[in-house]
Amino acid sequence: MAKWCVVVGTISQGYRVASGLTANSPYPQGTLAMQLPHFLSRGFDLRPYFLGTLNVAIAPKHFQMVNPEITLELVSWTPAHGPETFSFSRCQLTWKSRTFEGWIYYPHPETKPLHFQKPDLVEVLMPKIEGLQYGDRVQLAVLTNEIQLIDSEDQ
């Protein structure tokens, strides 16, 4: 049986490309809105979630996706660049004593040419969480058989 491991993190501002909220994005509707039909055609439904990622900074730890529940190989979702591989692992985010179910969203860096993501920043897909703001502290629970949490000094 899978076990949960909890790490404390801080909600941080990302590139705002997934949601389409950045001013100079080449994807004004947001990458997740563009990816949604491609994911859906492969059996993964993002419609219950806000089409933007929450970025949870977990330093001094970082994470490694080791055995994700879902991997979608080489998804051709835009003509702007080649196909990308995405992995997803279930997670839980707790904020102000409320727990939300969602997914870790992991675009594989070897297939994601345009945006580098720091290894201590976890992108998560959640339902819209009213009131959550940058700087808020949260608890992120990950499945230990799918995600490895590593202390930075252990590298």
Taking only protein heavy atoms and a 1.4 Å probe, the highest-to-lowest accessible-area order of 91, 5 is 5, 91
SASA check, residue 53, accessible area w/ 1.4 Å probe, all protein chains in place, rounded to nearest 10 Å², comes out at 30 Å²
Judged on accessible area alone, 1.4 Å probe, highest first, 126, 34 line up as 34, 126
Regression test value, accessible area per residue of region 48-88, probe 1.4 Å, units Å², expected 45 Å²
Share of accessible surface on carbon and sulfur in region 89-151, whole %, 1.4 Å probe and ligands ignored, is 49 percent
Of 41, 87, ordered by accessible area with the largest first and a 1.4 Å probe, the sequence is 41, 87
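The values are calculated or read from the model by the stated rules, or taken from the named source; none is laboratory data. Note that the coordinates shown come from a computational prediction; the quantities given were computed from them, not determined experimentally. The protein model used for the area step is the full one, side chains on, heavy atoms only, and it has no ligands, DNA or RNA in it. Shrake-Rupley method; radii C 1.70, N 1.55, O 1.52, S 1.80 Å.
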